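Note sheet for the following structure.
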Amino acid sequence: MAKEKITNNFISSQKKYFNTGDGFQLQPMDIGHKHYIGLISPDTAFWTLVKKNCLGQVLTDSSFLYKYRKKEKSFLNEMNLLRFGLKPSAVYFNPTDRCNMNCSYCYIPEELRKHGKHMSTKRVLKALEILKDYFQATLPKDQIPQIVFHGAEPMLNKEAVFSAIERFDKYFRFGIQTNGTLLDSEAIKFLTSRKISIGLSIDGGSGKVADKLRKTWNGKGVFQKVTKV
Ligand code: SF4
């Protein structure tokens, strides 16, 4: 008898070639749920949930398997684009190690926030010059890259940050993520007049919550001060 041909893409509703190792494979995965079980494709880690009592029916349903493969393919294309097809267009830039706050969950070590370094203005400008050249060589002409000054607290190195914004205004879209405690009226005027995006870090909608987490080195909350900005 002639041997039946099995292609890599063959999906059988008759369970002939299901999980043969030569084609489409799915592995059931117990997720600890009372009614649902996972079905995962080991090659791509693409998965779906199916009702336990429908597993047999699902595995022999060619229309389900067809849809599964279609979605899996689109997921693979998206992952491929994210991993290998995108070019960087934004940079989070930390101009200082230091912070004037001591939030309970901060991931930056206390020592660094207290005694770390500021980047000099000269160094910040030089770094942005390098980034400008990089983006000019990699991005389309009509795409403006973004620089977000981040922290620790970037406003502690205001001189360098503001100099950079003034010098490179036409090459980047700038933003600043700040705890808000150092935003005086002069700084706000400088930033808003140049349409710089300002992100204020606040946890929760009331001082009762926010001040439990976000505190100065003396343990005082800053919610009221920051929300006045
Ligand atoms: S304001 Fe930001 S950098 Fe400063 S202590 Fe809080 S979380 Fe950390």
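Here are some notes:
- Scanning residues 5 or more positions from residue 152 or on other chains, none has an amide H under 5 Å from its amide H, with H placed 1.01 Å from N in the peptide plane.
- J(HN,Hα) series, region 144-161, from Karplus relation 6.51 cos²θ - 1.76 cosθ + 1.60, nearest Hz, glycine and proline x: 9, x, 10, 10, 10, 6, 10, x, 1, 10, x, 5, 6, 10, 4, 4, 5, 5
- Calculated [θ] (222 nm, deg cm²/dmol) that DSSP helices of n ≥ 4 give over the chain, each run adding -39,500 (n - 2.57): -10500 deg cm²/dmol
- Expressed to the nearest 5 percent, the antiparallel share of DSSP beta bridges inside the chain is 50 percent.
- Computed P(r) (all Cα pairs; region 81-229; 10 Å bins; percent): 11, 37, 32, 17, 3
- Once the Cβ-Cβ distance of residue 190 and residue 100 is raised to the sixth power relative to R0 = 22 Å, the FRET efficiency obtained is 0.70.
- Estimated FRET transfer efficiency when R0 is 25 angstrom, pair residue 82-residue 132 (beta carbons, to 0.05): 0.50
- Full extension of the segment from residue 33 to residue 61, taken as 0.36 nm per residue of separation minus the current Cα-Cα distance, would add 7.8 nm.
Quick note: the coordinates plus some simple rules give every number you see, no bench work behind them. All of these numbers come straight from a predicted model, not from anything done at the bench. For neighbour counting, all protein chains shown are included, and Cβ atoms are generated from backbone atoms with ideal geometry for every residue, glycine included.
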